[in-house]
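To start, the structure itself, in structure tokens.
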Amino acid sequence: MPVVILISGSGSNLQAIIDAAHSKHCPIDIKAVISNRPDVKGLERARLANIETQVVDHKQFDGREAFDKALITQIDKHQPALVILAGFMRILTHEFVEHYTGRLLNIHPALLPDFPGLNTHERALESGVKQHGASVHFVTTEVDGGPIVLQASVPVKVDDTAETLAANVLQQEHLIYPLVIKWYAEKRLVLDNNMPLLDKKELPATGLDYAEVTKN
Ligand code: GRF
């Protein structure tokens with residue numbers, strides 16, 4: 001399945017997806033990696049894997065609409081069946097999201113619907129939650145509000161800092177994102193009327209739980 005991946009930074013999720021694609025268990029063909037920032041490590045990771053890279057620098061555009069239009073043009077050259085946001089740190093316009101409805105996935109470093117937005121690890125620590133984690137969801141026009149497919153939890157320990165928590169959550173991200181992408185590429189996962197279906201079955205409102213899914 002042809003896919004395009006959008007990044008803004010280190011690209012460790014991108015790396016996990018590249019590794020999954022190379023393992024042949026995840027039937028995707030990464031046509032391009034596009035970054036809104038030049039010189040980020042994720043671009044280097046893509047080049048090392050011989051994947052085409054492009055930079056669409058948001059600073060070169062006069063406003064969000066113009067940037068998103070240029071992004072759509074670049075993405076659609078590759079005719080992807082799936083567009084993957086992997087640490088892509090831009091809020092997208094409704095036009096962009098609607099253009100890719102049902103074929104746009106994101107990963108968010110929190111157990112949605114808790115802690116949408118930025119600084120999730122700091123906010124989880126401040127709030128005193130005992131469990132934190134990550135969520136993979138379809139993207140809709142509500143920021144971090146689209147239907148959730150899969151979540152993974154990590155315990156919040158008394159001595160956790162935002163950094164240690166981020167590292168623990170990131171480890172889980174690298175497990176759940178390739179798995180959801182694999183389901184999508186195998187056509188087991190679809191978005192039907194804003195409802196994610198896996199093997200034609202509806203998912204719980206907060207998605208499946210990774211530990212449960214991989215228990216057997
Ligand atoms: C991840 O925690 C992702 O969930 C968030 O930004 C971080 C990106 O990390 N949106 P990386 O670029 O994949 O290493």
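Bear in mind that the values in this text are calculations on the coordinates, not laboratory data. Predicted model, so just to flag it, every value in this text is computed and none were measured. For neighbour counting, all protein chains shown are included, and Cβ atoms are generated from backbone atoms with ideal geometry for every residue, glycine included.
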Relative packing of 81-94, 192-205, 53-66, 121-134, which averages over residues the other C-beta atoms within 10 Å, highest first: 81-94, 121-134, 53-66, 192-205
For segment 66-194, size of Cβ-based charge dipole, Lys and Arg +1, Asp and Glu -1, in debye: 400 debye
Share antiparallel - DSSP beta bridges, the chain, percent rounded to 5: 50 percent
Under the span-like rule (Cα at least 20 Å along the axis, Kyte-Doolittle mean at least 0.0), DSSP H helices of the chain: 162-185
Protection-proxy order for peptides 183-189, 100-106, each taking the mean of Cβ atoms within 10 Å per residue, highest first: 100-106, 183-189
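Find out how many positive minus negative residues lie around A20, taking Lys and Arg as positive, Asp and Glu as negative, among other residues whose Cβ is under 14 Å from that of A20. Walk me through the numbers on the way to the answer.
Working: positive: K24, R45, K182; negative: D19, D29, E173, E186.
Value of the local net charge: -1.
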Electrostatic dipole magnitude of the chain [Cβ: Lys, Arg +1; Asp, Glu -1; Cα centre; debye, to 20]: 560 debye
Straight-distance crosslink candidates among lysines, where the alpha carbon sits under 27 Å from K215 and sequence neighbours closer than 8 are dropped: K24, K130, K157, K182, K187, K200, K201
Reach of K59 by Cα under 16 Å, taken over aspartates and glutamates that are not fewer than 8 positions away in the same chain: D39, D68
